[in-house]
1. For region 23-31, indicate whether the set of residues that are touching a residue at least 24 places away in the same chain (Cβ under 8 Å), closer than 30 Å to residue 92 by Cβ and assigned to a helix (DSSP H, G or I) is non-empty.
2. Answer yes if at least one residue in region 99-106 is part of a loop (DSSP other than H, G, I, E, B), at pLDDT 85 or above, under 17 Å from the mean Cα position of the chain (by Cα) and closer than 17 Å to residue 156 by Cα, and no otherwise.
3. How many of the residues making up region 156-179 are farther than 12 Å from residue 61 by Cβ and in a helix (DSSP H, G or I)?
4. Identify all residues within region 130-155 that are over 14 Å from the mean Cα position of the chain (by Cα), touching a residue at least 40 places away in the same chain (Cβ under 8 Å) and part of a helix (DSSP H, G or I); write none if there are none.
5. Quick check on residue 219: is it modelled with pLDDT of 95 or more, closer than 26 Å to residue 107 by Cα and within 17 Å of the chain's Cα centre (by Cα)?
6. Take the conditions modelled with pLDDT under 85, assigned to a helix (DSSP H, G or I), over 30 Å from residue 206 (Cβ atoms) and out of contact with any strand residue (DSSP E or B) (no Cβ under 9 Å at 6 or more places or on another chain) and apply them to residue 83. Does it pass?
């Protein structure tokens, strides 16, 4: 697994993908937090990072599929995937290596936003007037969300040799799993089961973590969804229907 992880991560760093993704993410979030009047912390008047944590998931919906779309699709199209299967590696080694390479790139993109926390912390009146536990919980939620979106992107990449199709499928699935259940729950057909339907969606658990209360049930939910997506990908790999 480590060999695949290093190979994939280095391939990201040796291409424009990593730098474009990181640059777009930081520039977009930076403009939203500090420049655009409707979402700027300076205009809002409160020392918080709600802009990052409320809009970050929607940025992830497009950026993470852009990272993962090439994971299997590129190798399938180039015909190098069969060669990879001849190596002394298990399917899980290959799958987890590609998954963690994508996930680590997401963490690299997210890490510089810690500067935003320091800036908001310093601008508070008094200094430090910011809900630090809430920020920590929100960062944990964003990291776990990135892990789930990476697993969805890897799955989408495994079902088609076309990177564009993989990107579209991954973005669609990420959007549906993040917001779709809230919309479904709003239909007047669920009676007393509205909360249960909402709990099936990612947004419910992400919002819960953003409050600064790290509930093990929310963490288990994220790990479970990521595992299911990776397991489905493993089944597709096992069928060798490439």
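The values are calculated or read from the model by the stated rules, or taken from the named source; none is laboratory data. Because the structure is predicted, anything quoted here is derived from the model rather than measured. Cβ atoms come from the backbone with ideal geometry, glycine included; neighbour counts cover every protein chain shown.
1. Scanning region 23-31 turns up at least one residue that is touching a residue at least 24 places away in the same chain (Cβ under 8 Å), closer than 30 Å to residue 92 by Cβ and assigned to a helix (DSSP H, G or I).
2. Checking region 99-106: not a single residue is part of a loop (DSSP other than H, G, I, E, B), at pLDDT 85 or above, under 17 Å from the mean Cα position of the chain (by Cα) and closer than 17 Å to residue 156 by Cα.
3. Looking only at that region, the number is 8.
4. 133, 134, 135, 136, 137
5. no
6. Here the answer is yes, as residue 83 does meet what is asked.
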